[in-house]
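Structure record follows, encoded as structure tokens.
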Amino acid sequence: MRRQLIAIALVAAGGAARAQPAPDPAAPGSPAPDASPPAAPAAPRPAAPVATAAPADDDVGDQAISAELGVAGGGRVTPGGLRITGQYLYQLSDEDWFDGAASFTYGSSAAACFRDRSNAVICQHGLADGAGLELQATIRHMLAPQGAFHPFVRLGVGLGVVRFGRDDVSGFTIPAHGGGGVRVALTPGVALVAEGDLVLGFGSFSRGLGSQPQLGLAIAAGAEFRLK
């Protein structure tokens, strides 16, 4: 009988524990629910801008143009006189630029051709006689700067047309060009350029002159403008 009474008491205690109501959140002494909003995800950091080096004041740039004025010395059937040249530069490497040029030579139109005893035509024009138009394709190689001066050398070839009006002599020429010069930056993107150019080649001429050598020297100076 005692064991039955103990079993009944244990069952009654367990039922009372299961029937106990859950605590009311609003009741005094109840723990407050966590009402804080969820944390927002951290925004990604913007990438640091890549620093680009500004071009130096004496930098030729990727592309440039120039205009030069000078004098050319010729002789015989090589034209000479006032020389006007326009150039376009395009960078090929750290030290090399393609240098394309168009040059115009304006000299005297005095007659200087005659026939010798064998009836062959001979021309003896002076240093500043004749007229010519030439297109050049050269490579400009920049040397190490020397203070404010930036020297360079040029080498290439050209195609030209020559005319001596009073003698009615014209010709087609293929001269080689070699020379050099120096550029000095005046402002960012603008430089003063001075150069010398030696011409050596040949040409084919009218009036029975046939193939004749070309030999001349030009000195010019001008301004160069950086495009980009």
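Here, each number is a calculation from the coordinates, and none is a lab measurement. For clarity, every value in this text was computed on a predicted model and none was experimentally measured. So basically every Cβ, Gly included, is an ideal-geometry build from the backbone, and we count neighbours across all protein chains shown.
List of remarks:
- Spacing of the two label points (7 Å from each Cα toward its C-beta) at Gln146 and Val71, in nm: 2.4 nm
- Förster radius 25 Å - calculated FRET efficiency between Leu159 and Glu95, Cβ distance, rounded to 0.05: 0.40
- Cα centroid separation, segment 106-140 to segment 65-85 (Å): 13 Å
- Dipole in debye (nearest 20) - segment 81-196, about Cα centre, beta carbon charges: Lys, Arg +1; Asp, Glu -1: 280 debye
- Within the shell defined by Cβ-Cβ distances under 10 Å, the residues around Ala221 carry a net charge of -2, with Lys and Arg each +1 and Asp and Glu each -1.
- For Glu134, the shell of other residues with beta-carbons less than 11 Å away shows a net charge of 0, using +1 for Lys and Arg and -1 for Asp and Glu.
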